[in-house]
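Enquirer: What follows is a structure written as structure tokens; I'll ask about it next.
The values are calculated or read from the model by the stated rules, or taken from the named source; none is laboratory data. Values in this document were obtained by computation on a predicted structure and should not be read as measured data. We place every Cβ from the backbone using ideal geometry, glycine too, and count neighbours over all the protein chains shown. Heavy atoms of the whole protein, side chains included, go into the accessibility calculation; ligands, DNA and RNA do not. Shrake-Rupley method; radii C 1.70, N 1.55, O 1.52, S 1.80 Å.
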Amino acid sequence: MRPIEAELLSGSALYREVVLEKLLHARESVWMATANVKAMFVEHGGRFVPLVDVLDTLAARGVALRLLHAELPSRPFRAAFDRQARLVAGGLSLKVCPRVHFKAVVVDGAWAYLGSANLTGAGLGAKGESARNFELGFVTEDFDVIDRVTALYEAVWSGAECKACKLRAVCPDPILPAGKRAPTPRRPRAGATRLGKARRIQRSTKGAGR
């Protein structure tokens with residue numbers, strides 16, 4: 001083990017640092033990973049707005065946005081997303097992997113959050129202190145930590161993990177490297193849990209998109 005410089009945060013301090021101080025001020029890129037994403041609200045311009053509105057503002061500034069998550073986003077998130085033509089056209093690239101359970105936000109490749117909080121109102125959103133989840137996470141500018149986080153993120157995002165994945169046959173939308181075709185999913189047995197249907201959210205076909 002080696003020492004690293006990091007700050008441990010909890011509760012609303014996570015929201016203030018991750019969202020208000022870092023994400024909103026990104027200059028080049030924001031990579032987000034979450035097991036759950038909802039239409040959370042955040043403070044911006046003196047009022048509370050959906051996170052997708054903030055992401056649209058970032059996309060308009062040329063910030064490259066990625067969202068890696070475990071399931072089809074919630075219906076309110078999809079509705080908010082659909083109202084943002086810039087994001088639908090590729091301003092926000094999204095990919096689903098049901099094995100994603102790590103929560104991370106990497107801003108400009110130089111700052112990272114790792115912790116328990118998802119992209120939900122009670123996680124990294126603007127919920128009141130008495131209504132939010134009990135969450136812990138740390139933030140750091142340690143280059144080795146950031147390199148390891150981005151390496152895992154890129155391995156999942158690029159589809160490098162798909163080939164050996166044991167859940168590939170039941171995955172609703174395998175990422176897979178370019179040019180590879182996903183196998184036809186097996187029909188689940190009676191009573192088995194089914195993963196969500198393939199999403200209707202558009203993904204960019206160039207650059208960071210699929």
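Enquirer: Determine, for each peptide in 107-116, 148-157, the mean count of other beta carbons within 10 angstrom over its residues, then list the peptides with the highest first.
Expert: Numbers: 107-116: 18.7, 148-157: 15.8.
Answer by packing, highest mean first, reads 107-116, 148-157.
Enquirer: Only sites in a loop by DSSP and with at most 13 other Cβ atoms within 10 Å count here; which GluC sites (Glu not before Pro) in the range 19-72 make the cut?
Expert: On the way: sites: GLU21, GLU28, GLU43, GLU71; in loops: GLU28, GLU71.
In loop regions of the range 19-72 (DSSP not H, G, I, E or B), the sparsely surrounded GluC sites (Glu not before Pro) are GLU28.
Enquirer: Right, here's the next one. Let me know the charge dipole size of the range 6-170 about its Cα centre in debye, to the nearest 20, where only the beta-carbon of Lys, Arg (+1) and Asp, Glu (-1) is charged. Please report the intermediate quantities before stating the final value.
Expert: On the way: 20 positive and 18 negative charges, 161 e Å.
With only Lys, Arg, Asp and Glu charged at Cβ, the dipole is about 780 debye.
Enquirer: Okay, moving on. Starting from the Cα-Cα distance between ALA131 and ALA89, subtract it from 0.36 nm times their residue separation and give me the gain in nm to one decimal. All intermediate terms of the calculation are to be shown ahead of the outcome.
Expert: Details: separation 42, 0.36 × 42 = 15.12 nm, distance 3.48 nm.
Gain on stretching ALA131 to ALA89: 11.6 nm.
Enquirer: Measuring with a 1.4 Å probe in the full set of protein chains, what accessible area per residue, in whole Å², belongs to the range 6-170? It would help to have the intermediate numbers written out before the result.
Expert: Details: 7580 Å² over 165 residues.
About 46 Å² of surface per residue is accessible.
Enquirer: Give, as a single signed number, the net charge of other residues whose beta carbon lies under 14 Å from the beta carbon of ALA39, with Lys and Arg counted +1 and Asp and Glu -1. Mind showing how you got there, number by number?
Expert: Numbers: positive: LYS38, ARG75, ARG78, ARG83, LYS127; negative: ASP53, ASP56, ASP82.
Every neighbour counted, the sum reads +2.
Enquirer: Please list the three semi-axes, largest first and in whole Å, of the ellipsoid equivalent to the range 6-170, using sqrt of 5 times the eigenvalues of its alpha carbon gyration tensor. Could the numbers behind the result be given before it?
Expert: Numbers: eigenvalues 100, 74, 54 Å².
Semi-axes, largest first: 22, 19, 16 Å.
Enquirer: Something else about it: Kindly state, to the nearest 0.05, the FRET efficiency for SER10 paired with ALA169, given R0 = 45 Å and r defined as their beta-carbon distance. Each step should come with its number before you reach the end.
Expert: Values: r = 39 Å, r/R0 = 0.87.
Plugging the Cβ-Cβ distance into 1/(1 + (r/R0)^6) gives 0.70.
Enquirer: Count the net charge of all other residues whose Cβ sits under 11 Å from the Cβ of PHE138, scoring Lys and Arg as +1 and Asp and Glu as -1. Before the final figure, lay out each step's value.
Expert: On the way: positive: none; negative: GLU5, GLU7, GLU17, ASP142.
Here the charged neighbours net out to -4.
Enquirer: Here's another thing I want to ask about it. Tell me which trypsin sites (Lys or Arg not before Pro) from the range 1-74 have a DSSP coil assignment and no more than 16 other beta carbons within 10 Å of their own.
Expert: Details: sites: ARG16, LYS22, ARG27, LYS38, ARG47, ARG61, ARG66; in loops: ARG27, LYS38, ARG61.
Here the trypsin sites (Lys or Arg not before Pro) that fit, given the DSSP loop and packing criteria, are ARG27, ARG61.
Enquirer: Tabulate in residue order the Karplus-calculated ³J(HN,Hα) for the range 74-79, using 6.51 cos²θ - 1.76 cosθ + 1.60 with θ = phi - 60°, rounded to whole Hz; enter x for Gly and Pro.
Expert: With coefficients 6.51, -1.76 and 1.60, one gets 4, 4, x, 5, 5, 5 Hz.
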